[in-house]
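Participant: Before we start, here is the structure in question, set down as structure tokens.
The values are calculated or read from the model by the stated rules, or taken from the named source; none is laboratory data. Remember, it's a predicted structure, so these values are computed and weren't measured experimentally. Please note: Cβ atoms are built from the backbone with ideal geometry, for glycine as well, and neighbour counts cover all protein chains shown.
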């Protein structure tokens with residue numbers, strides 16, 4: 001009996017270091033359909049059945065399932081799915097076991113974790129990216145929540161902090177794009193100073209390209225001057241312009 005083990009964070013695939021061609025497992029990023037709760041795959045041998053277990057990040061079993069296959073030809077694209085888990089389907093760990101008719105098997109793991117930290121917005125001076133001493137105190141509570149999340153889930157998976165900056169529509173869009181990036185970096189710098197050194201931290205400025213409240217140009221809307229602090233096991237897909245870049 002031979003075994004293959006693969007590991008995935010969200011939708012990025014890690015190819016096994018070695019694999020016997022008789023039990024080759026083929027899963028690509030596009031095959032992991034989180035929205036429709038379905039994973040497509042193929043085996044290099046004749047698939048007999050697949051088993052799936054879905055856990056909460058804390059380890060609670062949310063679903064256990066079994067899918068039989070009627071001796072499909074090697075390489076046939078097959079699928080296994082899981083039911084709607086309601087509010088619990090935002091974050092989960094999935095263990096998959098694929099077994100062929102000879103009893104050989106392959107394992108595959110999917111981990112998805114995403115948590116946006118609630119917080120009070122930092123107020124920056126117009127056109128500036130400096131956090132004043134009075135405003136720095138607003139990062140105390142988010143830091144506590146961040147440390148709790150990393151301590152709780154960091155042992156089970158690789159998580160990182162993602163800081164996103166947004167502006168309103170006052171001023172040129174190009175200036176707002178740069179300003180939002182600098183402000184995101186300023187917030188990330190405080191987290192690094194406060195003891196989050198081991199954590200991977202990425203920042204991104206979206207400028208005025210992803211408004212929380214739609215406005216005309218040159219409208220001062222406080223709800224659009226905001227930031228997002230996200231703890232995630234994968235690179236979050238955020239609407240708007242700008243690119244992620246790692247600062248730690």
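Participant: Output the residues belonging to region 60-89 that are within 27 Å of residue 159 (Cα to Cα) and surrounded by 13 or more Cβ atoms within 10 Å (Cβ to Cβ).
Facilitator: 62, 63, 80, 81, 82, 85, 88, 89, listed by residue number.
Participant: Okay, moving on. Kindly provide the set of residues from region 213-234 that are touching a helix residue (DSSP H, G or I) at 6+ places or on another chain (Cβ under 6 Å) and assigned to a loop (DSSP other than H, G, I, E, B), ordered by number.
Facilitator: Of everything in region 213-234, just one residue is touching a helix residue (DSSP H, G or I) at 6+ places or on another chain (Cβ under 6 Å) and assigned to a loop (DSSP other than H, G, I, E, B), namely 213.
Participant: How many of the residues in region 136-170 are over 22 Å from the mean Cα position of the chain (by Cα), part of a loop (DSSP other than H, G, I, E, B) and surrounded by fewer than 17 Cβ atoms within 10 Å (Cβ to Cβ)?
Facilitator: Total meeting the criteria: 0.
Participant: Anything in region 171-194 that is in contact (Cβ under 8 Å) with a residue 40 or more places away in the chain and outside any helix (DSSP H, G or I)? List them, or say none.
Facilitator: 171, 194, listed by residue number.
Participant: Run residue 45 past the list (1) under 18 Å from the mean Cα position of the chain (by Cα); (2) surrounded by 16 or more Cβ atoms within 10 Å (Cβ to Cβ); (3) part of a loop (DSSP other than H, G, I, E, B) and report the number of the one that doesn't hold.
Facilitator: (1) is the only condition that residue 45 fails.
Participant: Which of the residues belonging to region 201-239 are modelled with pLDDT of 90 or more, surrounded by 13 or more Cβ atoms within 10 Å (Cβ to Cβ) and farther than 23 Å from residue 138 by Cβ?
Facilitator: Within region 201-239, 209, 215, 219 qualify.
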